[in-house]
1. Using 0.36 nm times the number of residues separating residue 33 and residue 21, minus their current alpha carbon distance, what extension gain do you get?
2. How about segment 1-95: which trypsin sites (Lys or Arg not before Pro) there are in a DSSP loop, with at most 15 other Cβ atoms within 10 Å of their Cβ?
Amino acid sequence: MRFPRLDFAGAHDHAMNHSARREPILLDDESRTIFLSFFVEFPDPFGVRVDGFALMPNHYHLMLESVGGDLPRAMRHLGGSYSQRLDRLHPWDGPLFRGGYLPMASGRCPLLSSPALIKGRYLPTFT
């Protein structure tokens, strides 16, 4: 089921995506560094702040604040650009991710219902 991608300035969202083949999307330290480098890029062109994250071998979870209201464009940039850069390092055939990211307003997910919980316990703060 796809949740509507509601986005507005000040929205707090939990975004996630899984690999297309249930294979790792973060293959080594270099691929993790590339993935994390996108978080530095988010604030300027997209107005998105990363409040927390969890990276698993075959998927990721991000706690985001949409400061400027352009989360869908930021996530499209993350998925497409990371896929292209990873393919240069570890070429394979087919898509990296199952599809677009899954947005979930932080209040819809009990685990992610409190930004303080995200920052302090479940997801480490990215600074």
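What follows draws every value from the coordinates through simple rules; no lab data is involved. Here the structure is a predicted model, which means the values were calculated and not measured. Heads up, the Cβs are rebuilt from the backbone with ideal geometry, glycines too, and the neighbour counts pull from every protein chain shown.
1. Extra length available between residue 33 and residue 21 comes to 2.1 nm.
2. Filter output for segment 1-95: 2, 5, 21, 22.
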